[in-house]
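Worksheet for the structure shown next.
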């Protein structure tokens, strides 16, 4: 166990004009035993960051510290880390037991009997003791991932690095393994950096999320903090499924207006200048269906996607389409004319040009500060 | 019923559809083409075996594939004339050449596949360019260089030549196999404490084995049957140095061409290659198909 710190980390590939900056001035710290999820779209620099921490890629600039010690110059095996890869990266010619044992053989002075004992106890922990004599090609995806996890656990590292470990699994197995990894991480209490592009994984597993885009850190915080108080439009749209609705509006007096849309300016957005344009963000689950002409806007229901307990309905309002989440099937039907409304504390306001949140809510749902301040409307 | 025809054949009524008839015809043509292809490749071998079992006189008088009076005299004669020594020489040259080629190309292919360094692409293209030069074009300058180095009339010189000449093709082939192995294996090995050479030795060598088998078989067959370089480098040194291909040439002398002896020596010469191929065939076939599918 150890604290992991990244200070002004920069990684550039190539030289001169052809160089590409994959990670820019990234500063992060992961507390002892914490599970931090690096999340972002493909090419955002999250895997490069992980490779830099692991020592698989050299760092262009900045410092990486594990347990307070700078490790930039250390080789991967000297950093006391273990890594789990997306495609398992099991050695195909070795049995599961040999895969688990290999790292111990190469880095420790343990005897064969001691190594065997560690292999067996790790296998028991992961429930793969019956698979120890099998080679990777005869294992299922889930079993392979367990062996890969075992290979990381067996070395008792200070930091776990996981590079999209569930991406190759089918949906149901992914859900099961997600819970198991979370449980395992809690039990072992090992500092963990987990990379994924799946925001559901990020939300459900993380102690904290670090959202990245184009090599830069967009926001770091607890999952619900990123969900309810996104720092910018990118985080707001990336976190949450379906994605947050965005409506271009202009402030006119005490109202935000757009074609077919009119909404009172929330108190916390009072400082915004009248006549300027903004982007309003409203999560699909925050929108209520009301009688036509009684809410912020009135529109016609287009496609409805029934999901069982909930449905996603797409409502066309002038030249904008809002996605709303409704209870169960049958709440709205295609072609219905409906009104939509939403509570002021669920409205996010972003700068049109920079995408920065200009009127963030002050707390999360349930916080005293939140209920006092944000429900008031001008 | 549409597409179905009732056919009377020899008094029996056949109920077959047009699609079935088309499939039978397609299968028939396919097997016919396969049969012709097999015959095309197998007939010369069968003919050489047939020649080796004839008496010298029957070579020009009979066109039968199965000789009417088969004889093993040619085999006795070639075995008494030094064929075994030539085969030993050939085996020595082939094994050491293949070993040398693999020792050079395996780490080189790994390096070209895994490392990005300045001039990598140019070097690869230069290697490919060298492969495009026919060995026959450079045989005389090579002989001159080897003579200056004192490496003519020795198996060592010939082995070094074979290694040098076969590196480009083998390197490209093997690099292709390394490219198909995910780089995550290298990363996992490095985190498990391997340096680059240990990664190659303990982790990548086994997955790339089909490629190594292809390179080994290809070069073994090539060096086993190579004539021009061997003849140029070894012929002044006397028959004791000869390789198999040169030894067979001995039977085509100024006085006569001993076809039955040439055929018998050729048949015996094929045997080690067949054994070698059968031993590595599993890897060879897998290697070829892997290459085809994964590029």
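Every read-out reported here was derived from the displayed coordinates using simple, explicitly stated rules and does not represent laboratory data. Since the structure is predicted, the reported quantities are computational estimates derived from the model, not experimental observations. Cβ placement follows ideal geometry from the backbone for every residue including glycine, while neighbour counts extend to all protein chains displayed.
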At R0 = 41 Å the Cβ-Cβ FRET efficiency linking residue A:333 and residue A:42, nearest 0.05, sits at 0.65
Which value, in Å³ per residue, describes the convex hull spanned by the Cα atoms of the protein assembly as shown? 291 Å³
Can you tell me the FRET efficiency between residue B:281 and residue B:252 if r is taken as the Cβ-Cβ distance and R0 is 30 Å, rounded to the nearest 0.05? 0.40
Once all Cα-Cα distances of chain B are split into 5 Å bins that start at 0, what whole-number percent is in each one? 1, 5, 9, 10, 12, 12, 11, 10, 8, 7, 5, 4, 3, 2, 1, 0, 0, 0
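With an 8 Å cut-off on Cα pairs and a minimum separation of 6 or more residues, tell me the relative contact order of segment A:235-373 in percent.
Value for segment A:235-373: 24 percent.
In what sequence do A:162, B:229 fall when counting other Cβ within 10 Å, fewest first?
Ranked by crowding around the Cβ, least crowded first: B:229, A:162.
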Within chain A, percent of DSSP bridges classed antiparallel, to nearest 5: 75 percent
Between the Cα axis of helix A:171-188 and the main Cα principal axis of chain A, the angle (0 to 90°, nearest 10) is 60 degrees
Tell me the label-point distance for the pair residue A:172, residue A:267, using the 7 Å Cα-to-Cβ offset, in nm and rounded to one decimal. 5.0 nm
Distance in Å, no decimals, from the C-alpha centre of segment A:35-105 to the one of segment A:210-271 is 34 Å
Mean ellipticity per residue at 222 nm, deg cm²/dmol - from DSSP H runs of n ≥ 4 across chain B, formula -39500 (n - 2.57): -23500 deg cm²/dmol
Using only Cα atoms and rounding to the nearest 10 degrees, what angle (0 to 90) does helix A:96-107 make with the longest principal axis of chain A? 70 degrees
Within segment B:237-251, what residues put their amide N at less than 17 Å from the label point 7 Å along the Cα-to-Cβ vector of residue B:153? B:237-243
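Report the percentage of all Cα-Cα pairs in chain A whose separation exceeds 28 Å, rounded to a whole percent.
In whole percent, the long-distance tail amounts to 55.
At 0.36 nm per residue, and after removing the present C-alpha to C-alpha distance, how many nm does the segment from residue B:145 to residue B:20 gain when stretched out fully?
Result: 38.3 nm gained on full extension.
Kindly put B:74, A:158, A:277 in sequence by how many other C-beta atoms sit within 10 Å of each C-beta, fewest to most.
A:277, A:158, B:74
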Above 24 angstrom, tally the Cα pairs of segment A:235-373 and express them as a % of all pairs, no decimals. 30 percent
FRET efficiency for residue A:114 and residue B:172, Cβ-Cβ distance as r, R0 = 60 Å, nearest 0.05? 0.85
If we count other beta carbons within 10 Å of each Cβ, what is the order of B:133, A:287, fewest first? B:133, A:287
Would you calculate a helix-derived [θ] at 222 nm for chain A, using -39,500 (n - 2.57) for each DSSP H run of n ≥ 4 and dividing by the full residue count, to the nearest 500? -7000 deg cm²/dmol
Round to a whole angstrom and tell me the spacing of the C-alpha centers of segment A:277-298 and segment B:205-277. 84 Å
Find the relative contact order for segment A:4-231 and round it to a whole percent, using C-alpha pairs within less than 8 Å whose residues are 6+ positions apart. 30 percent
Using per-residue counts of other Cβ atoms within 10 Å, averaged over each peptide, order A:288-298, A:141-151 from highest down. A:141-151, A:288-298
